[in-house]
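In what follows, a structure is listed as structure tokens, so that the remarks can point back to it.
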Amino acid sequence: MEKTGLIARVTDAATRIDEGRKGLRTDGDEHEGRITYEAGLSIAMKAFQEAPSMRDAETLILVEYTFLAQELEFCDAADAQAIASLTQAVQSFDDAFLDLKAVSSPAYWGAEQAIPHRKDHRVHGMPKDAYHIACIAHRTRINNVLRAPGINMTEKALLQ
């Protein structure tokens, strides 16, 4: 139930952030938009801070996946670059979910031996599998957004 509540809060946060962004762009709705936007950021911040305490790799990526899926749903159809990036992120996490199932299989450990043990094929000694690749790509995506000018400090804190 904790996981379900966490995902529901992330969905709520993404919805509020989107509604707030739209309000900020609408004459006369700027104040309400700011309140809704900041409420969404606050809810998201609390959810993202709570996720690691669950100590579950699936929950960690499920939270990110939910937020990305919501962002993709709310993305302006004309924003081809954002749509491509978010679609790729969702697909990477789809692969990561499959990887998490495979890791629990005894067959995975046999496959692990077949993955090169050189540094560029490993993450902290573990095989650079779909889960690790998705996390690395997501971290890169977030770091690219953090470097963009014009993002407010509250949103940057959430991304960090």
Matching residues, region 92-114, being of a type outside the set (Asp, Glu) and in contact with a helix residue (DSSP H, G or I) (Cβ under 6 Å, 6 or more places away or on another chain): Ser92, Phe93, Ala96, Leu100, Ala102, Tyr108
Result of the Cβ filter at 7 Å on region 28-52, keeping first residues that are touching a residue at least 40 places away in the same chain (Cβ under 8 Å) and partners that are open to solvent by less than 50 Å² (accessible area, probe 1.4 Å) and polar (S, T, N, Q), at least 6 apart or interchain, is Ala51/Thr59
Criterion (outside any helix (DSSP H, G or I) and farther than 13 Å from Leu158 by Cβ) met by exactly one of Gly28, Gly5, Gly33: Gly28
Pick from region 1-36 the residues that are modelled with pLDDT under 90 and among the hydroxyl-bearing types (Ser, Thr, Tyr): which of them is surrounded by the most Cβ atoms within 10 Å (Cβ to Cβ)? Thr26
Starting from residues that are open to solvent by 50 Å² or more (accessible area, probe 1.4 Å) and touching a residue at least 40 places away in the same chain (Cβ under 8 Å), keep the ones in region 65-115 and report whichever is nearest to the chain's Cα centre (by Cα). Gln88
Take region 51-63 and flag every residue that is open to solvent by less than 60 Å² (accessible area, probe 1.4 Å), of a type outside the set (S, T, N, Q) and in a helix (DSSP H, G or I). Ala51, Met54, Ala57, Ile61, Leu62, Val63
If I filter region 19-41 for residues that are within 27 Å of Gln91 (Cβ to Cβ) and of a type in the set (A, V, I, L, M, F, W, C), do I get at least one hit? yes
Specify the residue that is farthest from Gln70 (Cα to Cα); the eligible residues are those in region 1-18 that are in contact (Cβ under 8 Å) with a residue 40 or more places away in the chain and more than 15 Å from the chain's Cα centre (by Cα). Glu2
All but one of (1) part of a helix (DSSP H, G or I); (2) at pLDDT 90 or above hold for Ala77, so report the exception by its number. (1)
Based on what the data block shows, is Leu41 touching a Phe, Trp or Tyr at 6+ places or on another chain (Cβ under 7 Å) and farther than 16 Å from Cys75 by Cβ? no
Any idea which residue in region 120-159 is surrounded by the fewest Cβ atoms within 10 Å (Cβ to Cβ), counting only those that are over 25 Å from Asp94 (Cβ atoms) and polar (S, T, N, Q)? Asn152
Exactly one of (1) closer than 13 Å to Glu155 by Cα; (2) open to solvent by 50 Å² or more (accessible area, probe 1.4 Å) is unmet by Gly40. Its number? (2)
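The values are calculated or read from the model by the stated rules, or taken from the named source; none is laboratory data. Predicted model only: the values in this text are computed from it and were never measured. All Cβ positions, even for glycine, are placed from backbone atoms using ideal geometry, and neighbour counts span all protein chains on display. We work out accessible area using only protein heavy atoms, side chains counted, and drop any ligands, DNA or RNA first. Shrake-Rupley method; radii C 1.70, N 1.55, O 1.52, S 1.80 Å.
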